[in-house]
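Worksheet: one structure, shown below.
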Amino acid sequence: MANVLVFAETRNGEIRKVALEAVTAARKLADATGGGEVHAVLAGPPGIGEKAPLLGTYGADVVLVSESADFARFARESLAATMAERARSGGYRAVVLGFSAQGRDLGPRVAARLDAPIATDVIDLSAAGDTITVKHPAYANKVIMTLAISGSPVVISVRPSAFTAVQAPKAARVDTLVPVAAQGATVTVVDVKEGAKGRPDLGEASIIVSGGRGLKAPENFKLVEALADAFGNAAVGATRAVTDDGWRPHSDQIGQTGRQVSPDLYVALGISGAIQHLAGMRTSRTIVAINKDKEAPIFKVADYGIVGDVIEILPVLTAAVKAAREGH
Amino acid sequence: MKIAVCMKRTPDSESRFKIAASSTAIDETGLKFDMDDFAGYAVEAALQLNEKAGGGETVVYAVGPDNVQETLRKAMSMGVDRAVHLKADAVPVDGIAVAKALAAELKTGGYDLILFGKHAFDSSAGVVGTATAELLGLPCITAASQLSVDGGTGSARRELEGAAEILSFPLPAVVTIDEGVARPRYPSLKGIMAAKKKPMETKPAQLGSARVTIQKMELPPERPAGRIIGEGSAAVPELVKLLQNEAKVL
Ligand SMILES: Cc1cc2nc3c(=O)[nH]c(=O)nc-3n(C[C@H](O)[C@H](O)[C@H](O)COP(=O)(O)OP(=O)(O)OC[C@H]3O[C@@H](n4cnc5c(N)ncnc54)[C@H](O)[C@@H]3O)c2cc1C
Ligand SMILES: Nc1ncnc2c1ncn2[C@@H]1O[C@H](COP(=O)(O)O)[C@@H](O)[C@H]1O
């Protein structure tokens, strides 16, 4: 029977959604490899241990609380060392992380330290005999690879939102995991600049309202913001044309070289639908497009398209969405 | 500064892909290949850092069959000084195996900075750079969206979800490059001529054993054909109705 170790990512003293998804994926893997336990490493600043029960709610058998003032920020080397050391001493079958900014960084570090094979950005997984099999979108989401991974342990990072976190309540045993200090030269986090408050992250939002060059001017993004507000908790994205021109920060860019998103609803406003943009959003469940050019490629993927001037349509749409949500 | 950049030869990201008959690879017929996009940003970043510092050396590395030499030559036409081709019959999908080959070679290179792309277009994995750093025991920044060097210290910015880290690190170090650092320049005619005479060293790649293998490749399901529901503001009520009753997102 093989246990699985999970990195339960935290930020600002809270457990992140990707952490719960990773626990769910780990549970699936543990079941597929013979029904072992899921052990979650909850690393954060002193006090983070109070959050341990939440991981039990989502199916962790054991929560390993690793508290350190350093873990208030993303102490990459120390976190990697702590995860790798625990994975080694605990004899786990696999280490599971989220494919988030933290998990993207930590996964290969842990794999290299353990000399373990790694698969990243995984959307599904299964196991048979000594082989773990995963699905991984490659070629900027244009090809789905099925990868077979041999050896033990293996490191797997799961795409945010690909696994829906499901509750599977356990009275998780809580244990202490002593942080392992970084060795040698390290990276120093000088500062963390928090982005605009009040909007969900692009990777976590269920609705994304996104603008392109068709908005004509940076100030027109306030119309996009207003629509996002009308939807409630929507995130705001952008094309590279817009981030290149400095209308929006680079971190808002969706596409092949930006963020890859898969919300329930993606609203593309004044976006042509270049192949590199589609690479980042074509797996969205429902796509809406507004563009004045009826030949724009975005209409090929839009479930609902409106041909017209986005500047003129936006206020009308915003009012209608608001009214619909208020039940008029 | 002495800067190394590792790059992969990948198909043009604008291509339409077909799966080969083997169903474990893409059909390469008619595809154009170039250095992977993020490695292209890394080459540009390296050139700019050395131009700013007024000297140094920039060296490119690629693991792969003979066709990677064309990609390495392209980097030299952009201004890179020399290239090292680590010869392998094929590039394994196992990023750790590739990292081992690069680390074995870079270990004795005496580089101040080793740059990678944050991920390669084809593998879309983001493993090789960070794993190489770990194998070399060097500090590593992944997915830097800004990068500068002052004396023996580097500074970088890295995007988190909804925030950004401002980082400082001692050289030598490894950095994997996100978009935002630099857009690659086009080789000049002079650059292309000069590249023909620049040194290209070839040696066997010491790949680690491949424990990750491709079992199958398939195209994702096609989206149903798009539908235009109307024109102008007049179409808004219909859209809202569809979002409520059909898509059920409102
Ligand atoms: C290697 C590489 C990587 C790339 N990565 C990305 C990426 O990650 N993300 C990305 O987005 N792009 C990326 N691109 C760029 C991409 O090719 C396109 O250039 C970009 O997506 C276009 O942005 P856009 O749709 O805002 O602008 P345009 O292509 O200029 O489109 C503007 C659209 O707005 C419409 N429009 C104009 N006025 C109005 C109006 N009043 N009302 C309604 N509609 C109007 C026009 O009809 C047009 O369709 C990449 C390119 C390369 C080469
Ligand atoms: N075969 C290779 N040869 C040299 N560098 C590579 C190779 N494969 C990947 N890289 C580098 O590692 C980065 C990340 O690749 P990957 O881990 O495959 O996503 C790329 O952007 C390149 O900089």
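Step through the table entries B:8/B:52; A:17/A:222; A:193/B:87; A:17/A:216; B:32/B:107; A:17/B:74, compare each Cα-Cα distance with 31 Å, and write down the pairs that go over it. Don't skip to the answer; put the middle values down first.
On the way: B:8/B:52 26 Å; A:17/A:222 28 Å; A:193/B:87 43 Å; A:17/A:216 35 Å; B:32/B:107 33 Å; A:17/B:74 43 Å.
From B:8/B:52; A:17/A:222; A:193/B:87; A:17/A:216; B:32/B:107; A:17/B:74, over 31 Å: A:193/B:87; A:17/A:216; B:32/B:107; A:17/B:74.
Explain nothing, just the number: relative contact order of segment A:207-325, from Cα pairs under 8 Å at least 6 residues apart, as a whole percent.
Numbers: 246 pairs, mean separation 31.0, N = 119.
Result for segment A:207-325 is 26 percent.
Nearest 5 percent is fine: what portion of the DSSP beta bridges confined to the protein assembly as shown is antiparallel? Don't skip to the answer; put the middle values down first.
On the way: 44 of 120 bridges.
Percentage antiparallel, nearest 5: 35.
Please find, in a Gaussian network model of chain B (springs between Cα atoms separated by less than 10 Å), the residue of B:159, B:238, B:51 whose mean-square fluctuation is greatest. Evaluated over chain B, the most mobile residue of the options is B:238.
Note on chain B: with a GNM built from Cα contacts shorter than 10 Å, the maximum mean-square fluctuation among B:45, B:156, B:164 falls on B:164.
Would you tell me the mean number of C-beta atoms belonging to other protein chains that fall within 10 Å of each C-beta in B:204-216, as a whole number? Write out the running numbers ahead of the final one.
Details: counts 0, 0, 0, 0, 2, 3, 2, 11, 13, 7, 6, 9, 7.
Per residue, the number of nearby Cβ atoms from other chains is 5 on average.
Kindly provide the helix-only [θ] at 222 nm of chain A, computed as the sum of -39,500 (n - 2.57) over DSSP H runs of four or more divided by all residues, to the nearest 500 deg cm²/dmol? Walk me through the numbers before you get to the answer.
Working: 9 runs with 94 residues, N = 328.
Taking each H run of at least 4 residues, the total per residue is -8500 deg cm²/dmol.
Projecting the Cα atoms of B:17, A:30, B:245 onto the charge dipole of the protein assembly as shown, computed from C-beta unit charges around the Cα centre, puts B:17 farthest toward the positive end.
In chain B, the DSSP beta bridges split such that about 40 percent are antiparallel, to the nearest 5.
Hey, for a label at residue A:183 modelled as a point 7 Å past Cα toward Cβ, could you say which residues of segment A:107-137 have their backbone N under 13 Å away? Zone members listed by number: A:113-115. For the options A:34, A:211, A:246, a Gaussian network treatment of chain A with springs between C-alpha atoms closer than 10 Å singles out A:246 as fluctuating the most.
Using Cα atoms only, what is the angle between the long axis of helix A:221-231 and the major principal axis of chain A, expressed in degrees (0 to 90) to the nearest 10? The angle comes out near 70 degrees.
For residue B:225 and residue B:201, a Förster radius of 35 Å and the Cβ-Cβ distance give a FRET efficiency of 0.10, rounded to the nearest 0.05.
Counting every pair of alpha carbons in chain A, the share spaced more than 36 Å apart comes to 27 percent. Residue-wise HN-Hα couplings along segment A:136-141, as the Karplus relation 6.51 cos²θ - 1.76 cosθ + 1.60 with θ = phi - 60° gives them from phi, are 9, x, 10, 6, 6, 6 Hz; Gly and Pro carry x. Could you please report the charge total around residue A:304, scoring K, R as +1 and D, E as -1 over all other residues with beta-carbon less than 11 angstrom from its beta-carbon? Counting the neighbours of residue A:304, the net charge comes to -1.
Just how large is the dipole of the protein assembly as shown about the Cα centre, in debye to the nearest 20, putting +1 at every Lys and Arg Cβ and -1 at every Asp and Glu Cβ?
Details: 64 positive and 65 negative charges, 123 e Å.
Dipole about the Cα centre, nearest 20: 580 debye.
Among the trypsin sites (Lys or Arg not before Pro) in segment B:152-198, those located in a DSSP loop and surrounded by at most 12 other Cβ atoms within 10 Å of their own Cβ are B:196, B:197. Evaluate E = 1/(1 + (r/R0)^6) for residue B:70 and residue A:150, where r is the Cβ-Cβ distance and R0 equals 45 Å; express this FRET efficiency to the nearest 0.05. Here the calculated transfer efficiency is 0.85.
What is the dipole size for segment B:59-160, taken about its Cα centre, with +1 at each Lys and Arg Cβ and -1 at each Asp and Glu Cβ, in debye to the nearest 20? Mind showing how you got there, number by number?
Values: 9 positive and 11 negative charges, 23 e Å.
Value, rounded to 20: 100 debye.
How large is the dipole of segment A:200-328 about the Cα centre if only Lys and Arg carry +1 and Asp and Glu carry -1, each at its Cβ, rounded to the nearest 20 debye?
Numbers: 13 positive and 15 negative charges, 49 e Å.
The calculation lands at about 240 debye.
So what's the angle, to the nearest 10 degrees on a 0 to 90 scale, between helix A:310-325 and the longest Cα principal axis of chain A? Here the helix axis deviates by roughly 60 degrees. Normalised size of the protein assembly as shown, defined as Cα radius of gyration per 2.2 N^0.38 Å with N residues, equals 0.96. The long axis of helix A:76-90 is offset from the longest Cα principal axis of chain A by roughly 50 degrees. All other residues whose Cβ lies under 10 angstrom from that of residue A:205 are scored, Lys and Arg at +1 and Asp and Glu at -1, for a net of -2.
Quick note: the coordinates plus some simple rules give every number you see, no bench work behind them. No experiment lies behind these values; they were computed from the predicted model shown. Every residue, glycine as well, gets a Cβ built from its backbone with ideal geometry; the counts of neighbours run over all protein chains shown.
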